[in-house]
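Report on the structure given below.
Just so it is clear, none of the values below were taken in a lab; they were calculated from the coordinates. Everything quoted here is computed from the prediction, not taken from an experiment. For neighbour counting, all protein chains shown are included, and Cβ atoms are generated from backbone atoms with ideal geometry for every residue, glycine included.
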Amino acid sequence: MGKPTRRVEMPTIKTLAEMTGFSIATVSKALRDSPVVAPATRDAIFDAAEKVGYRANQRGQALRTGKTYQVAVLMPLTGASGYEWDGVEYTQILSGISQALDGSGYRISAHIVTDAEDGAAMARQIAGLGMADGLIFSGILADDPRINLLAETAFPFVTLGRCRRDIDYAHVDVDNEWAAHAATARLIEGGHRRIALVNPHRRLSYSLDRLDGFTRAFVERGLAPSLDLVVEGDLSTRFGKDSTEALLARPDPPSAFVCVNESTTLGVLSGLAARGLAVARDVDVIAYDDINVSAYFTPPLTTLYLPIEQLGRMLGQFLLRRIAGEGPSRLRQTFQPALIPRQADNCRMTSNPMTGGE
C-alpha cells in the first residue's frame, strides 16, 4: 500500500493571528474592513492572508452573521433608442467601487433600473428582502424617493449626488454649482454675454445646482443671465447636436457653450461644424469630463475634469463604513473638479453667424 495522502490544512483566522501576532478578534475585524482597525494593521493582516492563500468562507460567514456579503448598485439605463452614451461612465464607477471592496469579502450586485420610480421600487425590494448588506445609487432627484425611503431605516446606503432636502445620509458628490459658475465666469471674463448652458432635466438635483452656478456668475457681474439659452434634455450626443443647431438658428445666438458632460460636448461640436463654425475661431465651448475623453477633442477644449473612478472608490469606502456601523454624518464628501484651460475662451462672435447681421 502507498502512503496515505496527507490532508492539506486550509489557513484560518487563527493561522493569520499566529503569523502576524495580532489577536483573532483584530484579524477578524481587519478582514471585515472594520474602521476600528488601523490601516497599517489591516495591511499587515491582508499581506499575510495573501501569502498563505487565505480565503474567507463567505457561506459560513453569512450563516453566522446573517449578512449576504453583497453590495447592491443601481445602474440607471435610459432604455431610449439610439442613446450613444448609456452606461459608459458607469463602468468607471463600478471599477472604483470594486477597488474599494477588494479584500473586504464583499462583491458587487448590479441591478438595472430605468427611472426614479423603478429605482425606488428596487431599493425597497433590496432593503426589505435583505438582498444585500448595503446600496449605492446615483441620478439623484431634487426630492428623491429612494433617499426619503432609506433615510428612515437603518439600511446602509450611499448616494452619488445630493438631493435638495435636509436629510442626514452618506453621499459623495461633485460641486456642480461651483463647476458651472467657474465655467460661466471664465466665459464672461472673456467677453461673452450670450452663453448657452447644456443641462440635464431640471428634476435632477445637480441640474438645479448647475443652473444656480450659471446664474450666479452673471448676477455677480451685474449682468442679466442668458436663461433663454438654457436647454435641458437626456444628455445624449444627439441632444447636444440638435440643441446647438436650434440655438444657433435664433436671432441672437450664443457665442459660447457650457456643457454638462462629454456626450453633449461631442454633440455641440458636431452641431457647430454643421453650421460651419469652429471652436476657438467663432465660438467657445467649455466641457465637463469625468472619463478623460476631452483630452482627445479636436480642437482641445477648456475642461472641468474630475475622474469618476475616484468618486466610485469613495462610494465603496463609505458604504463599507456604513455597513460596519458608522453613522452617515461623517460620510459626506464633495469634490471640486480641476479647471484645465486649453483655449483663451475670448469672445469673437460679433454678429449672427447665420445672417451676418448684428
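Simple spin-label estimate for Ala25 and Thr334 gives 4.0 nm between the two label positions (7 Å along the Cα-to-Cβ direction from each Cα). Taking Cα centre as origin and charging only the Cβ of basic (Lys, Arg, +1) and acidic (Asp, Glu, -1) residues, the dipole magnitude of the range 176-306 rounds to 240 debye. Under the convention that each Lys and Arg Cβ holds +1 and each Asp and Glu Cβ holds -1, the size of the dipole of the chain around its Cα centre is about 1420 debye.
Note on the range 198-334: dipole from Cβ charges, positive end direction compared against Ile308, Leu331, Val283; the farthest Cα belongs to Leu331. Cα extents for the range 176-306 along the principal axes, largest to smallest and rounded to whole angstrom: 33, 32, 25.
Taking the charge dipole of the chain about its Cα centre, with +1 at Lys and Arg Cβ atoms and -1 at Asp and Glu Cβ atoms, the residue from Ile140, Gly105, Phe239 reaching farthest to the positive side is Gly105.
Taking the Cβ of Val293 as the centre, find all other residues whose Cβ is under 11 Å away and add up their charges (Lys, Arg: +1; Asp, Glu: -1). It works out to a net charge of -4.
Here is how the number arises for the chain: DSSP H runs of 4 or more residues each give -39500 (n - 2.57), the sum is divided by the residue count, and the result at 222 nm is -12500 deg cm²/dmol.
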